[in-house]
Every structure is written in structure tokens, then in C-alpha cells.
Amino acid sequence: MYSKRAAPLVGNRLLSLAGSAKEVRRFTFDLTDSRLDYTAGDTLGVWPTNCPDLVDEWLAATGLDPHTVVDVGEPMPLVEALRHRLDITTVRPDLLRFVAERTRDARLRTLLRPDNKLELTKWMWGRQAGDVLAEHPVRAGVTDWLAVLGRLQPRMYSISSSPLVEPAAVSLTVSVIRFVGSRGRPRKGVCSTYLADAAPGHPVPVFLRRSPHFRPPADDGVPAVMIGPGTGVAPFLGFLQERQARGARGPNWLFFGEQRRATDFYYADELEALSTAGTLTRLDLAFSRDQRARIYVQDRMREHGAHLWAWLRDGACVYVCGDAARMAKDVDQALRDIATTHGNLDPEEAAAYIRQLATDNRYVRDVY
Ligand SMILES: Cc1cc2nc3c(=O)[nH]c(=O)nc-3n(C[C@H](O)[C@H](O)[C@H](O)COP(=O)(O)OP(=O)(O)OC[C@H]3O[C@@H](n4cnc5c(N)ncnc54)[C@H](O)[C@@H]3O)c2cc1C
Ligand SMILES: NC(=O)c1ccc[n+]([C@@H]2O[C@H](COP(=O)([O-])OP(=O)(O)OC[C@H]3O[C@@H](n4cnc5c(N)ncnc54)[C@H](OP(=O)(O)O)[C@@H]3O)[C@@H](O)[C@H]2O)c1
């Protein structure tokens, strides 16, 4: 297990501007006392605390006594366990099955059938455990509830700084989750809002997970191509800072994308300064919603395919960070298409070429 340290939250800067569909923030932690020895590319784990209002809502919905002492590895009052130890937001199958059994609700039972997985996923989107309890009230003893609640889990975040620039601090780039839930109630992501709404200086339990494969090129002369739409830009700010601090001569090319330039161009000033300093050699931007047809980072990659191919032939390392479900797959396809179009490879050869890049650690991803 990773050792957990408390690091004061000393920076909380809004990166998205008024009018954005997103709330993206840069959080900075003071590491003076926690001695977390990180490298650009590593990941920071954050142990959140459940919001007190949510704990109150959960206690009200179940009618349980907050002072009952429960054993969650160690004995503590239920209210403390709900704050710090138990997952009271995720609609886990165990919880849903329990509610379905107790309420004998036909709709829930149908949703839980093995052939209804897709329907269940759709139903669960935007629903938290509190919404399920409000829709299907259940009265049960504390032991029964403890058996169906999971443990509160830490959340991982790509580190967005370099220790060469900020030795006693570490920063993250986080999309803060707030949405309207199934019953029209405001709902929020546990950890992103725990950080966004914390008081300045709040000590946050954090731990480090090393990513030895995801590092700026060890050879300072090697070119780096970084593809990071949305919060995927996080590690690349650290990579660029690190290469600048090391005086690395290798050129750097960043592909960044978000919805709108006016509100979602995170780190515009920092990237301009890195560009002026000659560290950021190329910056290609894909603002998806600034025109009728969506434009994504892979469209920019294809537009500049010949140039990108030349960088690959020069030994560039390719880094991808951000959404795993859609973006990373499409970017992978774009790389194969570029190898086909500009490298005159057939599709099998192009796929083998990209696979070899990965084997050689020249194509690495940090996707979630
Ligand atoms: C290796 C790794 C690196 C990561 N790096 C970063 C990073 O750099 N920056 C970053 O922001 N995140 C990053 N993440 C994601 C991060 O770990 C968390 O998953 C994220 O912050 C959400 O956590 P939360 O506790 O705020 O939300 P949770 O309480 O976990 O809630 C998330 C859930 O809320 C629901 N939900 C979310 N949005 C909506 C919506 N609009 N409408 C309805 N329901 C919704 C979904 O069910 C979703 O599963 C990374 C993840 C991994 C694994
Ligand atoms: N699996 C999902 O359905 C889903 C949806 C949203 C977010 N997420 C997750 O939410 C987290 C944070 O996301 P984020 O807000 O930082 O960024 P994001 O949702 O990935 O958006 C960043 C940019 O990428 C664009 N984009 C959408 N689909 C793309 C694709 N297939 N290829 C390339 N670019 C694409 C977005 O455009 P548009 O928004 O204009 O399409 C936007 O301009 C991540 O964990 C991500 O995995 C998942």
C-alpha cells in the first residue's frame, strides 16, 4: 500500500472561464512536510471525505442513529464512518440488489437481470446512492447497510507540474464534477468537489503512484509529441516545465483540444510563455465546438500528418493523456492512418509500426 501523507491545499485556481460547460481547476499542494518525492509524469492519489450534507441526507434517508458505533476496520461512530470510510454515492450492484429485495420493486429487479446491463448502465448515469434511496425507501439495521456499502476509494490524478520548477509543491488539473441528478437535485463528484470546495490550507491526504513508463524523454535531444485534450493536458505542463528546466534541446509538439477557445483554453498564458522561450516548438489546437462540425485533436494530427510522420522518423516519443473510452482509440487510429498515408505502409505494416513504437516505449499513454 502507498504511504498516505497530509499535504495542505495551497492553490485552487479556476482554469475554465465564465460561460464554460466545465469547471476545471488547478490545485496545488504544499509538500514541505510530506516529503513526497515525485517526478513529472507520476500520478497523485487523493483520499477524499464525503460532504457533510450528503452524510446528513444519507442518515435521514435510512433513519439510522449517527452515534451508533460501527466497526469499519476500527470502531467509530457511524457518522464518522460515513464521512471518511464508506462509499455512499456509487450505486453498486450489491446496494441495488439489496434495495430491490427489500422493496420488491419490479423495475429494479428487471434492471438487475444479466441481459439488461446496458439498460442498467444508462439508468445509473446521473444517479447516486442517495437518489436510489429517495426513490425506493428502505428501512434496515446498520449491519445490513454496512454489508452493502463499499469502501470510500482514493481518486488518481495526473501530476501537472515539475519538481524542477516547484520542488516543494505539486499541482493537478482537475475537472470538477457537478450535475443535476435524477431527481433534479444538485449532485457532485466526491473527490473533485472535496478539493474544489476545501478551505485554503486544508490538509489533504495524498499518496504518490509512480509511472516509470510515462516520463519526458530521458534523452534531452529526443523530440516529444504530446496529445492531451481536456484535462489530458495535465502531465504535459509538467513535461514542458521539466524539459525547459533541464535545458533540453529536443523539440516539443503539443496537441490540445477543448470545447471553446474563449472559455476552455487552459494554461494559454503558460503555453504562450513556453512557446516564446522556444520550449514549446508547435502548438496545435482543436476547439471542438467553435464551429458547426466538431474538430478534435486527431483531425489536427491528420492535417499535419506529413510533419508528424517526419518527427516520428526523427525518433520522436508520442504521449497521449485523457479520455480512454473515445479519444485514445481515435488518436491511435489517426497515428496508424498517418503511417499509412505518409509512410506508404499498408494497414498491417502501419499497425505493426505503431505497436513497435509502444514496445520501444516511444508511444506511451496515461488514459482514464
Ligand atoms: C490514472 C488516472 C489519472 C487521472 N487523472 C485525472 C486528471 O488529471 N484530471 C481529472 O480531472 N481526472 C483525472 N482522473 C479521473 C479522477 O480520478 C476521478 O475519477 C474524477 O475526478 C472523478 O472523481 P470524483 O470523486 O469527483 O467523482 P465520483 O464521485 O467518482 O463520481 C463520478 C461519477 O459521477 C457521474 N457523473 C460524472 N459526470 C456526470 C454528469 N455530467 N452527469 C451525470 N453523472 C455524471 C458518473 O457516474 C461518474 O462515474 C484520472 C483517473 C485515473 C485512473
Ligand atoms: N466516456 C464518456 O462518455 C465520457 C464523457 C465525458 C468525459 N469523460 C471523462 O471525463 C473526464 C474528463 O474529461 P475532460 O472534460 O477533461 O475532457 P473530454 O470530455 O475528453 O473533452 C476534451 C475535448 O475532447 C473532445 N472529444 C470528445 N470526443 C473526442 C474524441 N473521440 N476524440 C478526441 N477528442 C474528443 C471534446 O469535445 P466535445 O465535448 O465537443 O465532443 C473536448 O473538446 C475523463 O475522465 C473522461 O474520460 C468520459
*Calculate the all-directions average of the projected area of segment 138-281's alpha-carbon convex hull, and give it in nm².*
12.7
*asked:* Counting only Cα atoms, I'd like the Rg/Rh figure for segment 1-100, Kirkwood definition for Rh.
replied: 1.05
*asked:* Given a 1.4 angstrom probe, I'd like the percentage of the accessible area of the chain that is carbon and sulfur, rounded to a whole number.
replied: 51
*What net charge do the residues around Glu119 carry, taking every other residue with its C-beta under 11 Å from that of Glu119, with Lys and Arg at +1 and Asp and Glu at -1?*
+3
*Could you compute the FRET efficiency for Asp37 and Asn116, with r as their C-beta to C-beta distance and R0 at 51 Å, rounded to 0.05?*
0.60
_Skipping prolines and chain starts, which residues have an amide H placed within reach, meaning under 5 Å, of the one on Val24, given they are 5 or more residues away or on another chain?_
Leu15, Ser16, Val176
*Charge dipole of segment 52-148 about the Cα centre (unit charges at C-beta), most positive-ward option of Ala81, Val148, Val70*: Val148
*Could you provide, to the nearest whole Å², the per residue accessible area of segment 285-334 with probe 1.4 Å?*
49
_From the phi angles alone, apply the Karplus equation (6.51, -1.76, 1.60; θ = phi - 60°) to segment 91-103 and give each ³J(HN,Hα) in whole Hz, x where the residue is Gly or Pro._
8, 7, x, 4, 5, 5, 4, 4, 5, 4, 5, 5, 8
*Residue-count net charge about Trp253 - beta-carbon cut-off 10 Å; Lys, Arg +1, Asp, Glu -1*: 0
*How large is the helix-only mean residue ellipticity at 222 nm for the chain, computed as the sum of -39500 (n - 2.57) over DSSP H runs with n ≥ 4, divided by its residue count, in deg cm²/dmol to the nearest 500?*
-10500 deg cm²/dmol
*Between segment 12-57 and segment 82-130, the alpha-carbon center distance in angstrom*: 28
*Rg in Å to one decimal, and Dmax rounded to a whole Å, for the chain via C-alpha atoms*: 23.2, 70
*Calculate how steeply helix 234-246 sits against the longest principal axis of the alpha-carbon atoms of the chain, using the helix alpha-carbon long axis, and give the answer as 0 to 90 degrees to the nearest 10.*
40
_Per-residue counts of other Cβ atoms within 10 Å, averaged by peptide: what ranking do you get for 28-39, 355-366, 309-320, 226-237, highest first?_
226-237, 309-320, 28-39, 355-366
*Provide, in order from the shortest bin, the percent of all Cα-Cα pairs of segment 62-142 in each 10 Å bin, continuing until the bin that contains the maximum pair distance.*
16, 45, 27, 11, 0
*With 10 Å bins from zero, work out the P(r) of segment 258-332 over every alpha carbon pair and list the percent per bin.*
16, 43, 38, 4
_How tilted is helix 347-359 with respect to the longest principal axis of the chain? Cα atoms for both, answer in degrees (0 to 90, nearest 10)._
70
*Kirkwood hydrodynamic radius over Cα pairs of segment 224-367, then Stokes diffusion coefficient at 20 °C and 1.002 mPa s, in µm²/s*: 139
*Measuring from centroid to centroid over Cα atoms, what is the spacing of segment 306-351 and segment 131-194 in Å?*
35
*Measure nothing but the geometry: give the 0 to 90° angle between the long axis through the Cα atoms of 52-62 and the longest principal axis through the Cα atoms of the chain, rounded to 10°.*
40
_Environment charge at Pro186 (Cβ cut-off 12 Å; Lys +1, Arg +1, Asp -1, Glu -1)_ = +2
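The values are calculated or read from the model by the stated rules, or taken from the named source; none is laboratory data. Just so we're clear, the structure is a prediction, and the values are computed from it rather than from any experiment. Please note: Cβ atoms are built from the backbone with ideal geometry, for glycine as well, and neighbour counts cover all protein chains shown. Surface areas here come from the heavy atoms of the whole protein model, side chains and all, with no ligands, DNA or RNA. Shrake-Rupley method; radii C 1.70, N 1.55, O 1.52, S 1.80 Å.
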